[in-house]
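The values are calculated or read from the model by the stated rules, or taken from the named source; none is laboratory data. Source: prediction; values computed, not measured. No Cβ is skipped: glycine too gets one built from the backbone with ideal geometry, and neighbour counts run over all protein chains shown.
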């Protein structure tokens, strides 16, 4: 029987907090901002397989970064048993109210066996491929738990597969993680490297993928913007090592979301439509003689003006980029000199 976890004990408080946070603005479309929570795990010091130098730092830094942008975070290092790792995941899923935005971040050893992906606890006793399912937690289990709550968005980030921990025992396992094929609705999965490819641990404090994630996590922009920036940085950083690491992304999320604030043209247009709707509503209430709405109307007009200016700036940037690309493509070909 699992012992109660503080996450589960605080479930009611989480739901109440969600309602309180609903007064804020959703960073994508101007709707109420959902409850945001993150589960961050860094497994570094393994008992029966080689340890990893970066995951503890990765987890610590990711926790700080996510807290700084408003996520309620549960941060763990060196989760040692399969039972404990499963319990942590279950309790986190239990704590999420409907409509939440949640992030599950894992750094550590990850392996695939027969097409199934596994997260490896630090105390797992691994001797061969057959020992992995009984000692590790499958990605399918994680997905099933997250599927239990009706999320606005769930983002799973796996900075795993930095090497094969069973390689010294000459165990033949496929490199990296297998491709994700069963993704719950409203869920995105980010891999540090492409399916069936290893990830670079990193020469500094953080793994190569997490280093770039931390650099861009607090920047305005959508998840699309974030992944493009991270992917570009990872590929650039890994090339000098003789191997181009290419992060992968799998999505079953049809909405828009920005971790900090949104800047792309489509989302700005949606924000302006919402601002104009609010202006029309407030103007009607002011015309009807309703007290106390003039200040709200003035604030809404100011917001709309800022959005108009930002849209004009974005439009000019896109026009300039398009003109530059057209000029580049129309330039005559000059053969290289030999």
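Please find, within the stretch 147-162, the residue that is nearest to the chain's Cα centre (by Cα) out of those that are closer than 19 Å to residue 211 by Cβ, touching a residue at least 60 places away in the same chain (Cβ under 8 Å) and outside any loop (DSSP other than H, G, I, E, B).
Here the residue is 155.
Here is a list of conditions, (1) exposed (fewer than 14 other Cβ atoms within 10 Å of the Cβ); (2) part of a helix (DSSP H, G or I); (3) in contact (Cβ under 8 Å) with a residue 60 or more places away in the chain, and residue 280 meets all of them except one; can you say which number that is?
With (1) exposed (fewer than 14 other Cβ atoms within 10 Å of the Cβ); (2) part of a helix (DSSP H, G or I); (3) in contact (Cβ under 8 Å) with a residue 60 or more places away in the chain applied to residue 280, the lone miss is (3).
Mind checking which helices (runs of 4 or more DSSP H) fall wholly inside the stretch 1-110 and carry at least 1 residues that are within 26 Å of residue 128 (Cβ to Cβ) and either assigned by TED's automatic domain parsing to the domain that holds residue 153 or at pLDDT below 95 (or both)?
Those helices (runs of 4 or more DSSP H) span 55-68, 82-94.
Any idea which of 186, 199 is in contact (Cβ under 8 Å) with a residue 40 or more places away in the chain, buried (at least 17 other Cβ atoms within 10 Å of the Cβ), touching a strand residue (DSSP E or B) at 6+ places or on another chain (Cβ under 9 Å) and closer than 22 Å to residue 107 by Cβ?
Working: 186 fails: closer than 22 Å to residue 107 by Cβ.
After applying the criteria, what remains is 199.
Could you list, in sequence order, all residues of the stretch 209-255 that are buried (at least 17 other Cβ atoms within 10 Å of the Cβ) and in a loop (DSSP other than H, G, I, E, B)?
217, 221, 222, 245, 247, 253
Restricting attention to the stretch 219-265, report how many residues are touching a residue at least 12 places away in the same chain (Cβ under 8 Å), closer than 15 Å to residue 207 by Cα and in contact with a helix residue (DSSP H, G or I) (Cβ under 7 Å, 6 or more places away or on another chain).
Within the stretch 219-265, residues that are touching a residue at least 12 places away in the same chain (Cβ under 8 Å), closer than 15 Å to residue 207 by Cα and in contact with a helix residue (DSSP H, G or I) (Cβ under 7 Å, 6 or more places away or on another chain) number 8.
Please specify each residue of the stretch 84-102 satisfying the condition of being in contact with a helix residue (DSSP H, G or I) (Cβ under 7 Å, 6 or more places away or on another chain) and either within 24 Å of residue 124 (Cβ to Cβ) or surrounded by fewer than 19 Cβ atoms within 10 Å (Cβ to Cβ) (or both).
86, 89, 90, 91, 92, 93, 94
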